[in-house]
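Please read the structure below before turning to the comments.
The values are calculated or read from the model by the stated rules, or taken from the named source; none is laboratory data. Note that the coordinates shown come from a computational prediction; the quantities given were computed from them, not determined experimentally. In this analysis, Cβ positions are derived from the backbone assuming ideal geometry, glycine residues included, and neighbour counts consider all displayed protein chains. These accessible areas exclude ligands, DNA and RNA; they are computed on the full protein's heavy atoms, side chains included. Shrake-Rupley method; radii C 1.70, N 1.55, O 1.52, S 1.80 Å.
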Amino acid sequence: MSAVRRDRVADGVTLLTLDRPERLNAMSRELVTDLHEALTAVGDDPDCRVAILTGAGRGFCAGLDLKETGDLAEAAGGPPAAMRAQQHIASLVTQLRGLPKPVIAAVNGPATGGGLALTLACDVRVAAESACFNVAFIRVGLSGCDIGVSYLLPRLVGASRAFELMLTGRMVESTEADRIGLVSRVVPDGEVVDAALETAELIRANSPFGVWMTKEVMWSNLEAGSLRAAIDLENRTQLLSSYTGDMREALAAFLEKRPPKFSGR
């Protein structure tokens, strides 16, 4: 059985569930591989418009499963093999970033270490009241900079807060996560997937190409070297988008006072 469940939960919406609840969905080698495969399937599925990532049981993801991985260099057979294992884990972040469909993190319970990294790599984060976050790497003798956290966290909450969280590894409860902008919404326990579905439906109401280009440009412009470069990319994307059938359909629907019927072309 896969350590990641993939279910269609609404029209155009796929729910990915990390499924090792007995280990708080800690990232075993199997789970990492299965999540790569599930994300590939989402990217290739023409019927999927939005994905939601959550955890089974009482936690989102407790980070790397240290009982299994331990010392990567020793367990994997030396630094070269350990580097390959490290890159396999870290490439989940770039895979989430590169998907042409948005991914919403529905964070239930702890999202620590690698679990925090997964949430940061998602496009939107919704948290249950029981959700909590921390940069766990620093607490186990490693650098606090791992799996994309040192890049993503400062861009979401600002450098000053991010540096303190990476250096201390302290736990951030859901109320603080909401206050500092780490998540966009906090809901009662048991309602986080439903809340993510509400956001997914709002996204799905927009054109597939428009959503794809929005995700691509908004992430790319985090790396833009100047306002001019960012605007140049926006200009080209808007011009490209204006030639799609979906834009013509959106205009027709507006004039005819009806919901648009997007084709993705």
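Full extension of the chain segment joining GLU68 with SER150 gains 27.0 nm, where the gain is 0.36 nm per residue of separation less the Cα-Cα distance.
Using only alpha-carbon positions, what ratio does the radius of gyration of segment 120-196 give when scaled by 2.2 N^0.38 Å? Intermediate results must be reported in sequence, preceding the final value.
Details: Rg = 12.5 Å, N = 77, 2.2 N^0.38 = 11.5 Å.
So segment 120-196 has a normalised radius of gyration of 1.09.
Projected onto its three principal axes, the C-alpha set of segment 107-161 covers 28, 23, 18 Å, listed from the longest axis down.
Take each peptide in 120-133, 89-102, count the other Cβ atoms within 10 Å of every residue, and average; sorted highest first, the result is 120-133, 89-102. In terms of accessible area, using a 1.4 Å probe and ignoring ligands and nucleic acids, MET218, MET27, MET1 rank largest first as MET1, MET218, MET27.
Taking the Cα centre of segment 139-265 as origin and assigning +1 to Lys and Arg Cβ atoms and -1 to Asp and Glu Cβ atoms, the resulting dipole is close to 400 debye. Computed from phi, the 3J(HN,Hα) profile of segment 149-156 under the Karplus parametrisation 6.51, -1.76, 1.60 (θ = phi - 60°) reads 5, 5, 8, 7, 4, x, 6, 8 Hz, with x in place of Gly and Pro. Evaluated on segment 131-265, the Kirkwood hydrodynamic radius is 18.1 Å, with distances taken between all distinct Cα atoms.
Subtracting the Cα-Cα distance of ALA159 and HIS36 from 0.36 nm times their residue separation leaves 41.3 nm of extension gain. Taking label points 7 Å from Cα along the Cα-to-Cβ direction, ARG84 and GLU256 give a separation of 5.6 nm.
Under Stokes-Einstein, with the Kirkwood radius over Cα pairs standing in for Rh, what whole-number D in µm²/s applies to segment 39-184 at 25 °C and 0.890 mPa s?
Answer, rounded: 156 µm²/s.
Here, segment 1-86 is characterised by an Rg to Rh ratio of 1.06, where Rg is the alpha-carbon radius of gyration and Rh the Kirkwood radius.
Note that segment 109-265 presents 53 Å² accessible area per residue, ligands and nucleic acids not counted, probe 1.4 Å. Would you work out which of LEU197, LEU222, VAL183 lies farthest towards the positive end of the dipole of segment 167-223, given +1 charges on the beta-carbon of Lys and Arg and -1 on that of Asp and Glu, about the Cα centre? Checking the options against the dipole of segment 167-223, the answer is LEU222. The peptide list 173-179, 192-198, 109-115, 259-265, put in order of mean Cβ contacts within 10 Å with the highest first, becomes 109-115, 192-198, 173-179, 259-265. Above 14 Å, the calculated P(r) of segment 152-200 contains 58 percent of its Cα-Cα pairs. The tail of the calculated P(r) for the chain beyond 35 Å holds 18 percent of all Cα-Cα pairs. Among beta bridges identified by DSSP and lying wholly in the chain, the antiparallel ones come to about 30 percent.
Amide H contacts under 5 Å for CYS61: ALA111, THR112, restricted to partners 5 or more places along the chain or on a different chain, H placed in the peptide plane at 1.01 Å from N. Projecting the Cα positions of SER91, PRO80, GLY169 onto the charge dipole of the chain (unit charges on Cβ atoms of Lys, Arg, Asp and Glu, taken about the Cα centre) puts SER91 furthest along the positive direction.
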